[in-house]
1. Of these, A:68, A:54, which one is more than 9 Å from chain B (Cβ to nearest Cβ), surrounded by 15 or more Cβ atoms within 10 Å (Cβ to Cβ), under 20 Å from residue B:83 (Cβ atoms) and touching a residue at least 12 places away in the same chain (Cβ under 8 Å)?
2. Kindly indicate which of B:86, B:35 is among the acidic types (Asp, Glu), under 19 Å from residue A:61 (Cα atoms) and in contact with a helix residue (DSSP H, G or I) (Cβ under 7 Å, 6 or more places away or on another chain).
3. If you scan the range B:30-70, which residues turn out to be under 14 Å from the mean Cα position of the chain (by Cα) and of a type outside the set (A, V, I, L, M, F, W, C)?
4. Could you say which residue among B:108, B:8 is in contact with a helix residue (DSSP H, G or I) (Cβ under 8 Å, 6 or more places away or on another chain), within 27 Å of residue B:123 (Cα to Cα) and among the charged types (D, E, K, R)?
There are 2 protein chains.
Amino acid sequence: MTDRYFEDFAVGETFETPAHTISVDESLAFARAYDPQPFHLDAEAAQASFFKRLVSSGWQTAAVTMRLVVDSGVLRTTGIVGTGIDDLRWLAPVVPGDTLRVSGEVIDRQPWPGNKRRGTLRVRLLTRNQDGLVVMSQVANLVLSYRESA
Amino acid sequence: MTDRYFEDFAVGETFETPAHTISVDESLAFARAYDPQPFHLDAEAAQASFFKRLVSSGWQTAAVTMRLVVDSGVLRTTGIVGTGIDDLRWLAPVVPGDTLRVSGEVIDRQPWPGNKRRGTLRVRLLTRNQDGLVVMSQVANLVLSYRESA
């Protein structure tokens, strides 16, 4: 994949990431560290919960999404630097063992006011499971360097 | 702390969480798993990056924020089930060794249309470092059970 800078992206461009399967061990390790609630940690307790089964933390879905976008290489050159996320929605539970992949689409592209070396992209990211069901959606606001400033 | 359900929360209520220090090892482990970019992994490479120093992943800040809200116990009874996040902003870098804590404020409270057993809260969360600087802000949309349905 060639080096790509702010000038090289256009509104409407799409990309796909590789896939990642969240193992049971990985799901439990994340929950223990960052989201220690019964429905993420204990299959039996989870049956009495909102989800009625063991599910992965929504923040792990977000973190795996980030990993997959990094692995896609689409922003390898300038790095993926986010200023924020809009409209993050957890649309369906992620169950340990699910395989996730991400589709991205550039929906806006603007110079950064007062900074001639950087621009911003808005990228809609949809995270799907192995059945093609969208489990999470978000719009990421990213900062990129211009090629000429590299 | 007593059990608390949807009925027990009011707009304007605030809470504070305990603190958590992100160690260098914890920062590197998260980055290796979920955000393997040079400015999160390698102090030397980070000096040539946007951040000019090693920083923690913004998604780790989000995950630690979740952990701190769980640890606060404010939503221990019904669990913290999020439908989504609005306006997540990374406002300042988090550096390995920083100590984070979170302030929450209930900014909206609504019954869930068509469901008499659950309601939704909107909670503004501000994550601060040891200097009191807000490093991340967001509005979390949460689902809670009514006491009468427990």
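Where a number appears in this text, it was derived from the coordinates with a stated rule and is not lab data. The shown structure was predicted, so the numbers you read here are calculated from the model rather than taken from an experiment. Using ideal geometry, Cβ is built from the backbone for each residue, glycine included, and neighbour counts are taken over all protein chains shown.
1. A:54
2. Criteria check complete, one pass: B:35.
3. The answer is B:57, B:58, B:60, B:61, B:65, B:67.
4. Criteria check complete, one pass: B:8.
Every residue, every condition in (1) in a loop (DSSP other than H, G, I, E, B); (2) closer than 20 Å to residue A:143 by Cβ; (3) facing chain B (nearest Cβ under 9 Å); (4) of a type in the set (Ser, Thr, Tyr), yes or no:
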position: A:10; (1), (2), (3), (4): yes, yes, no, no
position: A:28; (1), (2), (3), (4): no, no, no, no
position: A:31; (1), (2), (3), (4): no, no, no, no
position: A:60; (1), (2), (3), (4): no, no, yes, no
position: A:77; (1), (2), (3), (4): yes, yes, no, yes
position: A:87; (1), (2), (3), (4): no, yes, yes, no
